[in-house]
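What follows is a set of notes on a single structure, which appears directly below.
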Amino acid sequence: MRISVIGTGYVGLVTGVSLAEIGHHITCIDIDEAKVAMMASGISPIYEPELEHLMEKNIQSGHLSFTTELHFSSADVIYIAVGTPQLPDGTSDLQYIEQASQVIARSLTKDTIVVTKSTVPVGTNHWIKTLIEEAAPEEIKVTIVSNPEFLREGSAVYDTFNGDRIVIGTENNQGREILDDINASFGLPIYHTDLKSAEMIKYASNAFLATKISFINEISAICEKVGANVEDVALGMGKDNRIGDKFLNAGIGYGGSCFPKDTNALVQIAGNNEHDFKLLKSVIEVNNSQRMKLVERAREAVGDLSGKRISLLGLSFKPNTDDMREAASIPIAQELVNQGADVVGYDPIAIPNARSFLPEEVQFKETIEETLRGADVALIITEWEVIKSIDLITYTTLMTSPIVIDGRNCYSLDEVRRHPIHYISIGRPEVQNRFVGNSLNTR
Ligand SMILES: NC(=O)c1ccc[n+]([C@@H]2O[C@H](COP(=O)([O-])OP(=O)(O)OC[C@H]3O[C@@H](n4cnc5c(N)ncnc54)[C@H](O)[C@@H]3O)[C@@H](O)[C@H]2O)c1
Ligand SMILES: O=c1ccn([C@@H]2O[C@H](COP(=O)(O)OP(=O)(O)O[C@H]3O[C@H](CO)[C@@H](O)[C@H](O)[C@H]3O)[C@@H](O)[C@H]2O)c(=O)[nH]1
């Protein structure tokens, strides 16, 4: 099938490349000329495991091409994968969707299927259809399909080929049959529904996952007070199939381009329909305060942070991505700078992006050693493999005082207890070890 994909961000590019990989002929379109030139030469503008390899392979086989030209005359199907960022009031900014719909309408020469991959508020697909039909030649028929995306950044290619389900929301059989054909080679379960339900499935899924995270973070706060271990609690809960063991990692809360934006949007969608979504508002509130926990812990450990050298280990919102959108490192670094700390940041991949997201006072270091040397406190923000595998001796030898505040529970407490270190994590007992003579004293 000949498919055009409008918007080549995390979703559009991965979708285009994956559809090419299963045999379709894909034209990826973006308004960003520099990005298109880069992609056309086989270079991915985003860090995403496996992506570049599949891009090169499919460009060479002639299944994948990139352009800034917004013409769709040869396309059988058009996918919309432009951004839907958050406006200041929490609602979704649909200006890119509107622009894409208008250019589609202007260049249509035959009946077409338009598939929305972008996350859009309930009712938006009907609006897109109306926008296109109003501006397109009268005889042209547009079939609209909602096909929300569930990939996670950092494992986007893997998720596309191994996802739990493909959701296809349609209002007629033709759209349903063509989308089934397009997706058949992924070999994944397909769930059919109507347009509005498909739009709602996307928001409800993200809101539910965010709720799990805020729930376990609240449990972690109680664990800290009563002396329980949240990791053991989550494992014990997860043994119940009805609860499941995924998305119960306590930490510094959720970030990224989706959960914060989509939870806010769902609160707005509910509010616009006279429903006060109290539960989701609390989920958001818990997440906002969770992000500041490491700063509070640092203050409790060393007092006034002014003039203290504080290392941030990991800057991206999660491992295996260079995406800095809504990363916890942003408010944490800002608060540390506000309190007069000397902030040093390290990330294996995200530093080029982080420079434009973090306060200018933050210094960036290329290695973990340089980041930790002379530090008073180390904050673990992102659980990159390279950070999880830092030998605990490294902290004790390089830092002025080995105080490690681990926002991702990277180390086992048994391991920590063997080192002269002050270790604070989330929802687990604090470990405060120091050498007295030749022996290790634990508190
Ligand atoms: N990032 C994720 O992990 C993820 C996962 C599932 C769903 N989503 C949803 O998918 C959508 C896209 O997210 P993203 O993270 O890929 O966005 P992004 O910001 O990374 O990319 C959007 C791209 O669209 C391009 N664009 C904007 N207007 C255009 C136009 N008129 N014509 C052509 N190109 C245009 C931009 O230049 C940019 O390259 C959003 O609705 C998001 O909520 C994202
Ligand atoms: O147990 C957990 C799991 C995740 N997180 C945090 O939650 C955020 C989001 O993580 P993840 O879901 O892995 O990454 P995303 O790439 O944002 O993917 C989410 O958002 C996408 C965009 O809508 C959806 O497509 C995916 O299904 C959904 O998982 C990150 O900050 C994680 O650190 C936790 O704190 N604890």
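Overview of values
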read-out: Residues of segment 408-422 satisfying the condition of being farther than 19 Å from ASP232 by Cβ and in a loop (DSSP other than H, G, I, E, B); value: ARG418, HIS419, PRO420, ILE421
read-out: Residue within segment 284-297 that is over 19 Å from ASN206 (Cβ atoms) and either basic (Lys, Arg) or assigned to a strand (DSSP E or B) (or both) present; value: yes
read-out: Test: ASP159 is within 13 Å of ligand 1 (Cβ to nearest atom) and surrounded by fewer than 18 Cβ atoms within 10 Å (Cβ to Cβ); value: yes
read-out: Of all residues making up segment 1-17, the number that are within 16 Å of ligand 2 (Cβ to nearest atom) and either assigned to a loop (DSSP other than H, G, I, E, B) or surrounded by fewer than 23 Cβ atoms within 10 Å (Cβ to Cβ) (or both); value: 2
read-out: Positions within segment 202-232 being more than 17 Å from SER282 (Cα to Cα), more than 16 Å from ligand 1 (Cβ to nearest atom) and buried (at least 17 other Cβ atoms within 10 Å of the Cβ), in sequence order; value: CYS223, GLU224, ASN229, VAL230, GLU231
read-out: Pick from segment 162-188, criterion out of contact with any Leu (no Cβ under 8 Å at 6 or more places or on another chain), open to solvent by 80 Å² or more (accessible area, probe 1.4 Å) and farther than 19 Å from GLY23 by Cα, ranking: farthest from ligand 1 (Cβ to nearest atom); value: ASN173
read-out: Residue that is nearest to the chain's Cα centre (by Cα), among those in segment 153-168 that are over 25 Å from LYS196 (Cβ atoms) and part of a loop (DSSP other than H, G, I, E, B); value: GLU153
read-out: Matching option when the condition is open to solvent by less than 30 Å² (accessible area, probe 1.4 Å), out of contact with any Lys or Arg (no Cβ under 6 Å at 6 or more places or on another chain), acidic (Asp, Glu) and away from ligand 2 (no atom under 16 Å from the Cβ), among ASP30, ASP89; value: ASP30
read-out: Which listed residue is open to solvent by less than 30 Å² (accessible area, probe 1.4 Å) and more than 22 Å from GLY256 (Cα to Cα), from THR367, THR371; value: THR371
read-out: Residues (in contact (Cβ under 8 Å) with a residue 60 or more places away in the chain, farther than 9 Å from SER311 by Cα and among the hydroxyl-bearing types (Ser, Thr, Tyr)) located in segment 335-391; value: THR382
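The values are calculated or read from the model by the stated rules, or taken from the named source; none is laboratory data. Because the structure is predicted, anything quoted here is derived from the model rather than measured. We place every Cβ from the backbone using ideal geometry, glycine too, and count neighbours over all the protein chains shown. For accessibility, only protein heavy atoms count, side chains too; no ligands or nucleic acids. Shrake-Rupley method; radii C 1.70, N 1.55, O 1.52, S 1.80 Å.
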